[in-house]
Amino acid sequence: MPRVVIVGGGISGLALAYRLEQRAPDAEVIVLEQAARLGGTIGTEQRNGFRIEIGPNGFLDNKPFTLTLCRELGLGERLVPASEAARRNRYLFLDGRLHLLPHNLLSFLRSDVLSWRTRFLLLAERFRPPRRHGGDESIDAFVRRRVGRELAETLADAFVSGIYAGDPKLLSIQAALPRLAQLEREYGSVLRGMAQTARQRRELAEPSSGRMWSFREGLSRLIETLRIRLRFAPLTGVSVRTVRRLANARWRVQSDGREGWDAEAVVLACPAYEQARMLADEDADLAKAIDGIAYNRIVVVALGYRIADIPRSLDGFGYLSPQRQRRDVLGVQWCSSIFPERAPPGLVLLRAMCGGWGRPEMIDWDEGRLLRAVRVELRSAMGIEAAPVFHHIVRWPKAIPQYHLGHLERVAWIEDRLVRHPGLFLTGNAYRGVALNDCVEQAGLLAERIARHLKI
Ligand SMILES: Cc1cc2nc3c(=O)[nH]c(=O)nc-3n(C[C@H](O)[C@H](O)[C@H](O)COP(=O)(O)OP(=O)(O)OC[C@H]3O[C@@H](n4cnc5c(N)ncnc54)[C@H](O)[C@@H]3O)c2cc1C
């Protein structure tokens, strides 16, 4: 029976193990996870009657992969979509107040979030010629070129904050927001491309997408179900130290605890900096290229309030704040307005995201300083004067990989280099997308490649 060892029990590793067991039922698939629990950045905690996500809040249905996986796992009945209000209403904190974000071109043109000049430039985007020469471009440069400075510094900046908590001047449009680059390439204009693809969807009677999903019990339900459904139970508390090629075309995975596993194929599904550390002796250049993928730092501050203490309606997903304002909060999710059963009756749950690429120092702030900073922000943006009745802080010193300029070339170089190491595979959110959908999509594709390698 061929053996495959997967290092890392986050969604990338677990979804891969599941797909591999389906695709290659004769293989023994062993998942090794360093922490005491599975899930990596995904985790739901129950505290004082609140249900708090420590990392992702949910996944989108703009790509089908995670929804499909959940339904295959028999979780269809447990899935909950984000509320209609959360789907429709997102806010931007700008000039000291919350602005409702427009959700289509017409409402953009009517909205006062953008100046008349930028609204006109947005309308004219359809007629602006696409970039002819190739080469990478930052998200900021792309948006400035297509529409102008104001859109880049407000909406694009806030949008990037919401997904990557990164710097739009450093992030590559092709790697971080490939869909926008693709629309320009294929349709000559982003807006024209969006309009045409929306029309095609309507003609095919496809449901509109872009809704967020989770479970009543929170995202941990997906991790727990994967754990139960895997034929070979993942091993937790195993910190892998090195991965070495053996003479007989096999690989040895060595843990800190000196346990070893030999396998026909090994997959590193842990963060890039961990992959680099494991491969340093085997291929220093490969390790260096992997280690060049940067990570930001994020602090998630969850706060519980009495409904009576919130002076405004929580009628939406929450708000984002453009990072160039350098405020202490990147955005706040109104968790109990998005999904049910997040807070006890009479209370609400909010989650403030702090830090990100531009404010890495915030992760070192002590609890008191963080809480004071978030409360100041909530007072300015939402008028909340009262103290929270509950708080919970999660720090991510290496949170989300940043696809900086040159990322795609780096990934292509790494892929080429792997040709020298048959049986070694790299995956995880460091390479081809940070969303859960991307991780699950990659798991399916990689399971095929591994099965071919094993000639199964
Ligand atoms: C605060 C936050 C909010 C987010 N919000 C969203 C969202 O709303 N929607 C969305 O789609 N995505 C979101 N994301 C991104 C998404 O959560 C991640 O990209 C995804 O979960 C990454 O999964 P992964 O398995 O690739 O990596 P991880 O989740 O990082 O898993 C890697 C695993 O490898 C293990 N590991 C590390 N070193 C070793 C070792 N030496 N030996 C063995 N195991 C090891 C780790 O313990 C970990 O369990 C968010 C991320 C963060 C941090």
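The values are calculated or read from the model by the stated rules, or taken from the named source; none is laboratory data. Just so it is clear, the model here is predicted, and its values are computed rather than measured. Positions of Cβ are backbone-derived with ideal geometry, glycine not excepted, and every protein chain shown enters the neighbour counts.
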| Which residue, of R342, R326, is buried (at least 24 other Cβ atoms within 10 Å of the Cβ), of a type in the set (D, E, K, R) and more than 17 Å from the chain's Cα centre (by Cα)? | R342
| remark: (1) more than 19 Å from T118 (Cα to Cα); (2) surrounded by 19 or more Cβ atoms within 10 Å (Cβ to Cβ); (3) among the hydroxyl-bearing types (S, T, Y) all hold for Y187 apart from (2)
| remark: Apart from one, (1) under 16 Å from A447 (Cα atoms); (2) more than 12 Å from the ligand (Cβ to nearest atom) all hold for T66; the odd one out is (2)
| query | So which residues in region 429-456 are part of a loop (DSSP other than H, G, I, E, B), among the charged types (D, E, K, R) and within 28 Å of R71 (Cα to Cα), if there are any at all? | reply | R432
| note | For region 264-291, the count of residues that are within 13 Å of the ligand (Cβ to nearest atom) and out of contact with any helix residue (DSSP H, G or I) (no Cβ under 7 Å at 6 or more places or on another chain) equals 6
| Residue in region 302-319 that is modelled with pLDDT under 95 and not polar (S, T, N, Q) present | no
| remark: Taking region 64-100 and keeping only residues that are of a type in the set (G, A, S) and at pLDDT below 95, one is left with G96
| message | I need the full set of residues from region 25-53 which are closer than 19 Å to L350 by Cα and either part of a strand (DSSP E or B) or within 12 Å of the ligand (Cβ to nearest atom) (or both), in order please. | response | T41, I42, G43, T44, E45, Q46, R47, F50, R51, I52, E53
| request: Starting from region 374-387, take each residue that is in contact (Cβ under 8 Å) with a residue 40 or more places away in the chain and list its partners that are assigned to a helix (DSSP H, G or I), counting only C-beta distances under 6 angstrom and pairs at least six apart or across chains. | output: I384/L378; A386/D309
| Failed item in (1) within 16 Å of the ligand (Cβ to nearest atom); (2) crowded, with 19+ Cβ neighbours inside 10 Å; (3) among the polar types (S, T, N, Q); (4) more than 20 Å from the chain's Cα centre (by Cα), with N57 passing the rest | (4)
| Taking the condition away from the ligand (no atom under 16 Å from the Cβ) and modelled with pLDDT of 90 or more, does H103 pass? | no
| Give me the pairs: first residue in region 262-277 and in contact (Cβ under 8 Å) with a residue 24 or more places away in the chain, second residue away from the ligand (no atom under 11 Å from the Cβ) and among the small types (G, A, S), beta-carbon distance under 7 Å, and six or more apart or on different chains, which are they? | E264/G423; A265/G423; V266/G423
| For region 345-375, how many residues meet the condition of being under 21 Å from the mean Cα position of the chain (by Cα) and outside any strand (DSSP E or B)? | 7
| request: Please find, among L155, L114, the residue that is outside any helix (DSSP H, G or I) and crowded, with 19+ Cβ neighbours inside 10 Å. | output: L114
| said: On the basis of being in the same structural domain as R252 (by TED's automatic domain parsing) and either among the charged types (D, E, K, R) or over 30 Å from R250 (Cβ atoms) (or both), does E21 make the cut? | reply: yes
| Any residue at all in region 353-376 that is surrounded by fewer than 20 Cβ atoms within 10 Å (Cβ to Cβ), of a type in the set (V, I, T) and under 14 Å from F50 (Cα atoms)? | no
| Take the residues of region 396-428 that are in a strand (DSSP E or B) and under 16 Å from the mean Cα position of the chain (by Cα): which is farthest from the ligand (Cβ to nearest atom)? | H404
| query | Taking the stated definitions as given, is A124 among the small types (G, A, S), over 26 Å from R297 (Cβ atoms) and part of a helix (DSSP H, G or I)? | reply | yes
